[in-house]
1. In square nanometres and to one decimal, what's the mean projected area of the convex hull around the Cα atoms of the stretch 1-76?
2. In degrees from 0 to 90, rounded to the nearest 10, what is the angle of the helix 168-177 Cα long axis to the longest principal axis of the chain?
3. For the stretch 10-121, how big is the tail of P(r) above 16 Å, as a whole percent of Cα pairs?
4. Run the accessible area of the chain with a 1.4 Å probe and give the carbon-and-sulfur part as a rounded percent.
5. Write down the percent of antiparallel bridges among all DSSP beta bridges whose residues are both part of the chain, to the nearest 5.
6. Please list 135, 1 from largest to smallest accessible area, probe radius 1.4 Å, with all protein chains kept in place.
7. Given the -39500 (n - 2.57) contribution per DSSP H run of 4+ residues, what per-residue ellipticity at 222 nm results for the chain, rounded to the nearest 500 deg cm²/dmol?
8. At a Cα cut-off below 21 Å, give the lysines reachable from residue 133, other chains included and same-chain residues fewer than 8 away excluded.
Amino acid sequence: MRAAHRGYRAVAPENTLPAFEAASGRFSFVELDVQLSRDGIPVVIHDETLLRTTDVLFLERFSGRAPWRVAAFSLEELRALDAGSWFYRDDPFGTVAAGTALPVRKEIVRIPTLEEVLRFAAAEELLLNVEIKDMRGSFEAAVVIDRIIGTIEAAGCTSLVFISSFNHDYLKRCRIRCPQLVTAALQEGSHPPGVVDYLRELGVAAYHTEDSIVTEALVKRVREAGFFVGVFTVNDPSRSAELFGWGVNAVFADRL
Ligand code: G3P
Ligand code: MG
């Protein structure tokens, strides 16, 4: 299984509708990153600040708002930003120069709300991995879970979505709030000691780990215990083949 990491982000601006449209039908599922706006609306964006993937720095209206944290902007303010042009300017994957990126859209590409992406996924029957970014310091965990799970429930998408997070407390809260939602623990740096018991205790169905810490023995242990195993981010086809050979279920990739 291949997951589109932040959408098909080698050909379109990450975490935007064009990137999700490009991924639909080409990947087994699509991963996206969700945070809350200042007024508590779930929006789809990866970084804690707006600098890399929007034009916030160039707008007079927002000068003096450094460091431009997502959580400090209302939905109305976030929707005023251009979340697409940076991709064509910075060409992070060299696909713009190579002519393999999607053409620039006439209309401005905005930061999507989670609700918009859920509507698109429901229409396309597209499986989504909603990654909840760690918002400690900005919002109470209970608020984060309530707003995000509430949005998924209201859209009728609980069977089309699974939740992941590096913040494992969020995952426990998801299970309590909505037991039918599947959850995945994200891990980087090192594996928790006694990883299988740890995952059982957490009650997750899946373990998604950083590529640099994966070993064949780890995959075997976690798979044999019945967990789904995903690895991020893998863009090298020979590495993907090796991981699939070890029994990994899914790799997260920026390109096909
Ligand atoms: O879910 C896998 C991957 O998206 C986690 O890392 O930083 O790209 O959200 P990041
Ligand atoms: Mg992510």
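1. Working: hull surface 21.6 nm².
Mean shadow area of the hull around the Cα atoms is 5.4 nm².
2. 90
3. 58
4. Details: 5760 of 11280 Å².
C and S fraction of accessible area: 51 percent.
5. For the chain, the DSSP antiparallel bridge percentage is about 15.
6. Values: 135 10, 1 105 Å².
So, going from the largest accessible area down, we get 1, 135.
7. Counting only the DSSP helices, I get -9000 deg cm²/dmol.
8. Within the straight-line limit of under 21 Å, residue 133 reaches these lysines: 172.
The values are calculated or read from the model by the stated rules, or taken from the named source; none is laboratory data. Note that the coordinates shown come from a computational prediction; the quantities given were computed from them, not determined experimentally. Cβ: placed from backbone, ideal geometry, glycine included. Neighbour counts: every protein chain shown. What goes into the accessible areas is simple: the full protein's heavy atoms, side chains included, and nothing from ligands, DNA or RNA. Shrake-Rupley method; radii C 1.70, N 1.55, O 1.52, S 1.80 Å.
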